[in-house]
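The values are calculated or read from the model by the stated rules, or taken from the named source; none is laboratory data. Just so it is clear, the structure is predicted and the values come from calculations on it, not from any experiment. In this analysis, Cβ positions are derived from the backbone assuming ideal geometry, glycine residues included, and neighbour counts consider all displayed protein chains.
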Amino acid sequence: MSIEWLAAYLLLGAFVGFFAGLLGVGGGGIMVPLLTTMFAAQGFPREHMVHLALGTSMAAIVLTSIASLRAHHAHGAVRWDIVKGITPGVLLGTFGGTFVASSMPTRPLAIFFACFMAYVSLQMILNVKPKPSRELPGALGMAGVGSGIGLVSALVAIGGGSLSVPFMTWCNVRMQNAIGTSAAIGLPIALAGAAGYLVNGWGSAGLPAWSLGYVFLPALVLISLVSVFTAPYGARLAHRLPVSTLKKIFAGILMLLSAKMLFTVFGG
């Protein structure tokens, strides 16, 4: 691999980590479309591009999830009772979701990703927050919700915050606790997703060198190393910059990146 591509993965990691710290969003929305474009430019097989982007993104989120979880736990913002109740469903849904994603052709998978990112972007732009109107469900209900969150998270390589935070807010969980708890839920999502994409891609024909299933190791290592260092800088600036305005700009970037991803997938 050339020095240019190594530098590109480092820059992507710096960008992902900074915005994760600044806006509290996972990196999948940035990583998946950019990795798809980068993999296409390197001549990776078209039928594996999006799956590799999803698997690599999920694996890269593991370290940032750990860092985010520790920070929120230190501030007492994690509702561990919710984490305990929802994690079994999350693990099952995420791991199972990787089998669904792996069975899907590249183009439908890219369309689903772009549509979901459009939903996330509109959520940011409109600042949609559901009104607290009910309580948390019982054990079976929590497992069901966790499975749904995990399934969608596996298909788009996110930590689940765009789904779990509104759900918990709707169930009368304070916003601070909803965000902190969502960060904790992101770790089992990332672990189950990375494991699932590794298993599903194992032995697939035509994968590039240095791939472990659907995880491309050079990108994983470089993105993870840098994002862990840049996330704290973003977090420090979160209290000094107009975050609400930046979220709208970021939402526009997500839409453009998703459109570019579709162009890459359908353009050849």
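Side notes on the structure shown:
- Residue check, residue 79 closer than 16 Å to residue 182 by Cβ, of a type in the set (Lys, Arg) and surrounded by fewer than 24 Cβ atoms within 10 Å (Cβ to Cβ): yes
- Selection of first residues in the range 203-228 that are under 18 Å from residue 43 (Cα atoms) and of second residues that are of a type in the set (Phe, Trp, Tyr) and outside any helix (DSSP H, G or I), restricted to Cβ pairs under 6 Å at least 6 apart or on distinct chains, gives the following pairs, ordered by first then second residue: 208/44; 213/202; 217/210; 218/210.
- Filter result for the condition that a residue is farther than 30 Å from residue 205 by Cβ and touching a residue at least 60 places away in the same chain (Cβ under 8 Å), over 141, 148, 160: 160
- Scanning the range 180-202 for residues that are buried (at least 18 other Cβ atoms within 10 Å of the Cβ) and either within 21 Å of residue 44 (Cα to Cα) or without any contact (Cβ under 8 Å) to a residue 60 or more places away in the chain (or both) yields 182, 194, 196, 197, 198, 200, 201.
- Considering 52, 12, the condition of being in contact with a Phe, Trp or Tyr (Cβ under 6 Å, 6 or more places away or on another chain) and crowded, with 20+ Cβ neighbours inside 10 Å is satisfied by 52 alone.
- Residues in the range 157-207 that are in contact with a helix residue (DSSP H, G or I) (Cβ under 8 Å, 6 or more places away or on another chain), closer than 29 Å to residue 49 by Cβ and of a type outside the set (Gly, Ala, Ser): 158, 163, 185, 187, 188, 189, 191, 197, 198, 199, 200, 207.
- Breaking point among (1) out of contact with any helix residue (DSSP H, G or I) (no Cβ under 7 Å at 6 or more places or on another chain); (2) of a type in the set (A, V, I, L, M, F, W, C); (3) more than 18 Å from residue 200 (Cα to Cα), for residue 63: (1)
- Applying the criterion of being surrounded by fewer than 22 Cβ atoms within 10 Å (Cβ to Cβ) and either touching a Gly at 6+ places or on another chain (Cβ under 7 Å) or of a type in the set (A, V, I, L, M) (or both) to the residues of the range 55-71, the residue that is nearest to residue 98 (Cα to Cα) is 62.
- Criterion: over 26 Å from residue 19 (Cβ atoms) and either at pLDDT 95 or above or touching a Lys or Arg at 6+ places or on another chain (Cβ under 8 Å) (or both) - qualifying residue of 147, 133, 204: 147
- Any hit, the range 160-170, residues being on the phi > 0 side of the Ramachandran plot and crowded, with 20+ Cβ neighbours inside 10 Å: yes
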